[in-house]
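Q: Questions regarding the structure given below will be posed in turn.
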Amino acid sequence: MTIEQYDNGLSYQVIGAAIEVHRVLGPGLLESAYQACLCSELEDRCVSFVREQPLPVVYKGLRLDCGYRLDLVVDNRLAVEIKCVECLGPIHEAQLLTYLRLSGLRLGLLINFNVPVLKNGIVRLVL
């Protein structure tokens, strides 16, 4: 299996778990509720992840904790940023791209749970 195939499979697993959470809960809750439920769903599927991973900023060789946190890092390969907004905009994609750069990860999912059909709220980004 290639790295690309592995990453695609990982994305597929996370998207499947997110769809299940959205199917059960629907739109309208807070981001923290979806994050907790997605973590539970990933645990049930034996998918390894870290929740609220700190993202330090390196400035002129100094490592600074500026309070940035990635919602989820799945299998040390995939960044997942969860949103509950009316619609995803360029600022949300820019945020995830910045998080990818800061974390050194290559692949990210932006998931907006505040939509009637979840597939319309998912953006996959590759750095």
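The values are calculated or read from the model by the stated rules, or taken from the named source; none is laboratory data. Being a predicted model, the structure only gives us computed values, none of them experimental. Every residue, glycine as well, gets a Cβ built from its backbone with ideal geometry; the counts of neighbours run over all protein chains shown.
Q: Name every residue in region 43-52 that is closer than 15 Å to Arg77 by Cα and either polar (S, T, N, Q) or in contact with a helix residue (DSSP H, G or I) (Cβ under 7 Å, 6 or more places away or on another chain) (or both), in order of residue number.
A: Val47, Ser48, Phe49, Arg51 - these are the residues of region 43-52 that are closer than 15 Å to Arg77 by Cα and either polar (S, T, N, Q) or in contact with a helix residue (DSSP H, G or I) (Cβ under 7 Å, 6 or more places away or on another chain) (or both).
Q: Which one is farthest from Asp7 (Cα to Cα) among residues in region 103-127 that are part of a loop (DSSP other than H, G, I, E, B) and in contact with a Lys or Arg (Cβ under 8 Å, 6 or more places away or on another chain)?
A: Here the residue is Asn114.
Q: Hey, another quick one. Please go through (1) without any contact (Cβ under 8 Å) to a residue 12 or more places away in the chain; (2) part of a helix (DSSP H, G or I) for Cys46 and return the number of the only condition it doesn't satisfy.
A: Condition not satisfied by Cys46: (2).
Q: Here are some residues: Ile15, Ile82. Which one is aliphatic (A, V, I, L, M) and in a helix (DSSP H, G or I)?
A: After applying the criteria, what remains is Ile15.
Q: Just to be sure before I move on: is Ser32 hydroxyl-bearing (Ser, Thr, Tyr), assigned to a helix (DSSP H, G or I) and in contact (Cβ under 8 Å) with a residue 60 or more places away in the chain in the structure I sent?
A: no
Q: A further question on this structure: From the residues in region 31-65 that are of a type in the set (Lys, Arg) and over 23 Å from Ser11 (Cβ atoms), which one is surrounded by the fewest Cβ atoms within 10 Å (Cβ to Cβ)?
A: Filtering region 31-65 for residues that are of a type in the set (Lys, Arg) and over 23 Å from Ser11 (Cβ atoms), the one surrounded by the fewest Cβ atoms within 10 Å (Cβ to Cβ) comes out as Lys60.
Q: Give the residue, chosen from Leu64, Leu97, that is under 21 Å from Val50 (Cα atoms), free of Cβ contacts under 8 Å to residues at least 40 places away in the same chain and either out of contact with any Gly (no Cβ under 8 Å at 6 or more places or on another chain) or aromatic (Phe, Trp, Tyr) (or both).
A: Leu64
Q: Filter region 7-29 for residues that are under 18 Å from Leu72 (Cα atoms) and either of a type in the set (Gly, Ala, Ser) or without any contact (Cβ under 8 Å) to a residue 24 or more places away in the chain (or both) and give the result.
A: Asn8, Gly9, Ser11, Tyr12, Gly16, Ala17, Ala18, Glu20
Q: Quick one: which of Val115, Val85, Val126 is closer than 26 Å to Pro27 by Cβ and without any contact (Cβ under 8 Å) to a residue 60 or more places away in the chain?
A: Of Val115, Val85, Val126, the one residue that is closer than 26 Å to Pro27 by Cβ and without any contact (Cβ under 8 Å) to a residue 60 or more places away in the chain is Val85.
Q: Can you tell me which residue among Leu102, Leu55, Leu72, Leu42 is touching a Phe, Trp or Tyr at 6+ places or on another chain (Cβ under 6 Å) and modelled with pLDDT under 95?
A: Selected residue: Leu55, the only one of Leu102, Leu55, Leu72, Leu42 that is touching a Phe, Trp or Tyr at 6+ places or on another chain (Cβ under 6 Å) and modelled with pLDDT under 95.
Q: A further question follows. Take the residues of region 85-102 that are in a helix (DSSP H, G or I) and surrounded by 15 or more Cβ atoms within 10 Å (Cβ to Cβ): which is farthest from the chain's Cα centre (by Cα)?
A: If we take residues in region 85-102 being in a helix (DSSP H, G or I) and surrounded by 15 or more Cβ atoms within 10 Å (Cβ to Cβ), then Leu102 is farthest from the chain's Cα centre (by Cα).
Q: So, in region 17-30, of the ones that are among the small types (Gly, Ala, Ser) and out of contact with any Lys or Arg (no Cβ under 8 Å at 6 or more places or on another chain), which residue ends up surrounded by the most Cβ atoms within 10 Å (Cβ to Cβ)?
A: Going through the qualifying residues, I end up with Ala18.
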